[in-house]
Amino acid sequence: MRVVGLMSGTSYDAIDAAAADLALDGDTLVLTPLGMISTPYEDGLWAELAGALPPAATDLATVCRLDTRIGQAFAAAAVRADLELCEGRTDLTASHGQTVYHWAESGRVHGTLQIGEPAWIAEATGRPVVSGFRTRDVAAGGQGAPLVSVFDVMWLRGRPGVPVALNLGGIANVTVIADGAGGAPLAFDTGPANALIDAAVRELADGGDPDGDDPGGARSMDVDGALAARGTVHPGLLRTLLDEPYYALPAPKTTGKELFHLPYLRAALDTCGPLPAEDVVATLTRLTARTVADAVRPFGATEVIASGGGTRNPVLMRWLREELGGGGAGVPLRTSDELGLPSGTKEAYAFAVLGWLTAHGLPATLPSCTGARHPSVLGSLTPGAAGRSLPAPLTTAPDRLVVRVPRTTR
C-alpha cells in the first residue's frame, strides 16, 4: 500500500509530504521510503497563520480562512507527492494537518485542534484521506501526543538496552523504548526545541523580519546555529528559564507554543535586562540541550536517536552531546539517518504509518505513552473517488517496523 504522510509541525515552516510503500510481512510492517517533498507555506498564508496562533487573539472568520487555505495547500502537496514520488499510484493520504491549539491545563489535555480541511485533499487526489489523528486519544483520556510513539516503539523494538527516540521540532519529544529494561514504553514532550530559538531570532536578530512574513527564511531560524555559536550562555537567564514548572511534571505530559511563545520569552528577558541577540539564542539553545538531557537521563538511556529540524543545527547537536555526557560513559547521540530514516522526514513517515494502521482498523496509540485509558483507532476518514476503497480490516497489529532502503537510493 502506497501512503503519503502530510505533516506541518509546531515550527509551521513548511508542509512535508513523505511517500512510503508499506507491506506486511508476518508480524513486521516493512516501510520502503519513496521520498519526500517539502513546500513552504505561501508568504501571506504563513503570516496569517503566525498572527492567529497563541497567545494572539483571533476570530472564526480567520479560522475558516486558515482551515480552507491550509487544506488547499496540503492538497497541492499531496498531488505533487502522488505524481513525483508514487507515479500517480497513491492508495491513501494521511494528513496530520496544522496544530493551532492544544488545550492543556494542570497536566491534562482537554482538547486539541488541527486544521487543514481534508475534503480538499480527497477532492484533489481522488484518494481516501485519514486525518484528525489526535482527538480520539484525547477523548480516551490521553494527551494526544506524542503520537509518533507507536511508530518509535515498533521501529526501535529489539535494539539493545534502552533506546530513546528524540524529535527536535518546535517542541522536543521523546519515546523511551524500555523493552530491554523490562518496562513499558513511555513518551512525552520535554519542552521547547526550536520554538523559543525561532521566536528570539525573529524578534531580536539584526535584519529580522518585523512583519513576520519570512517563512523559513534566514531570519526565521538560527541557520546552522550561527547565532548561538557567536553568543555566550547567560547563567541568570538560563536559571530563570529552567525554573519553568512544566519540566518537573511527571510523564506522560505534553506542551506546545501555547506556553513557549514570544511573550513567555519576553517575560524571562525582563528579569535580566537587555542582552545581545547572540547571547539570547545561545542560552535558548543550551536550554533545549539541557532539558532534553535532563528528561532522558533518569531512564538509563543507552542511545538517543534524533530526528527533526533541530538535527540540522550543529551547535544544538554538539551541546546536546555534551549534556548527555559525550563519548566514553555518556549516552551516544545519533540521527535517524543512521538507521535508514531521513531525520527531516521521520514525522511525515510516522503519520503515513498511523494512516496505514487506521485504514486497516488497527489501534495506533500506546496508553503508557499518551496516558489514555485504552488504545484507539485514530482519525476520521474522508472518502476518495468512487472505486478508491480501503483494504479489509486486520485483526492483529504488526509488532515491529523495518525500514527498507530502496536499492536505487543506496
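Given the options 128, 210, 160, name the one that is modelled with pLDDT of 95 or more and over 19 Å from residue 288 (Cα atoms).
When all the criteria are applied, what remains is 128.
From 118, 54, grab the single residue that is out of contact with any helix residue (DSSP H, G or I) (no Cβ under 6 Å at 6 or more places or on another chain) and surrounded by 20 or more Cβ atoms within 10 Å (Cβ to Cβ).
One residue alone meets the criteria, 118.
So, in the stretch 376-407, of the ones that are open to solvent by 50 Å² or more (accessible area, probe 1.4 Å), of a type in the set (A, V, I, L, M) and within 23 Å of the chain's Cα centre (by Cα), which residue ends up farthest from residue 92 (Cα to Cα)?
Here the answer is 402.
Against the conditions (1) over 30 Å from residue 106 (Cα atoms); (2) under 21 Å from the mean Cα position of the chain (by Cα); (3) not in a helix (DSSP H, G or I), where does residue 275 fall short? Just the number, please.
So residue 275 meets the others, but not (2).
So is residue 240 open to solvent by 10 Å² or more (accessible area, probe 1.4 Å) and at pLDDT 95 or above or not?
Yes.
If a residue must be more than 22 Å from residue 183 (Cβ to Cβ), over 16 Å from the mean Cα position of the chain (by Cα) and either of a type in the set (Val, Ile, Thr) or open to solvent by 30 Å² or more (accessible area, probe 1.4 Å) (or both), how many such residues does the stretch 296-318 contain?
The qualifying residues number 3.
Tell me, please, whether a residue that is touching a residue at least 60 places away in the same chain (Cβ under 8 Å), among the hydroxyl-bearing types (Ser, Thr, Tyr), open to solvent by less than 20 Å² (accessible area, probe 1.4 Å) and not in a strand (DSSP E or B) can be found in the stretch 34-43.
Within the stretch 34-43, one or more residues are touching a residue at least 60 places away in the same chain (Cβ under 8 Å), among the hydroxyl-bearing types (Ser, Thr, Tyr), open to solvent by less than 20 Å² (accessible area, probe 1.4 Å) and not in a strand (DSSP E or B).
Specify which of the listed residues (373, 334, 321) is open to solvent by 50 Å² or more (accessible area, probe 1.4 Å), assigned to a helix (DSSP H, G or I) and either among the charged types (D, E, K, R) or in contact with a His (Cβ under 6 Å, 6 or more places away or on another chain) (or both).
Every option except 321 fails the conditions.
For residues that are in contact with a helix residue (DSSP H, G or I) (Cβ under 7 Å, 6 or more places away or on another chain) and without any contact (Cβ under 8 Å) to a residue 12 or more places away in the chain, tally how many sit in the stretch 273-295.
Qualifying residue count, the stretch 273-295: 0.
Which residue, of 78, 73, is open to solvent by 20 Å² or more (accessible area, probe 1.4 Å), touching a residue at least 40 places away in the same chain (Cβ under 8 Å), among the small types (Gly, Ala, Ser) and closer than 30 Å to residue 199 by Cα?
The conditions single out 73.
Which members of the stretch 96-110 meet the condition of being open to solvent by 30 Å² or more (accessible area, probe 1.4 Å) and touching a His at 6+ places or on another chain (Cβ under 8 Å)?
Hits for the stretch 96-110 are 103, 104.
Do we find that residue 15 is within 18 Å of the chain's Cα centre (by Cα), hydrophobic (A, V, I, L, M, F, W, C) and surrounded by 22 or more Cβ atoms within 10 Å (Cβ to Cβ) in this structure?
Answer is yes for this residue.
Looking at 60, 85, which one is open to solvent by 20 Å² or more (accessible area, probe 1.4 Å) and under 30 Å from residue 392 (Cβ atoms)?
85
Across the stretch 150-190, what is the total count of residues that are open to solvent by 10 Å² or more (accessible area, probe 1.4 Å), assigned to a strand (DSSP E or B) and over 18 Å from residue 255 (Cα atoms)?
0
The values are calculated or read from the model by the stated rules, or taken from the named source; none is laboratory data. Note that the structure is a prediction, hence the values are computed from the model and not measured. Please note: Cβ atoms are built from the backbone with ideal geometry, for glycine as well, and neighbour counts cover all protein chains shown. Areas reflect the complete protein model, heavy atoms only, side chains present, ligands, DNA and RNA absent. Shrake-Rupley method; radii C 1.70, N 1.55, O 1.52, S 1.80 Å.
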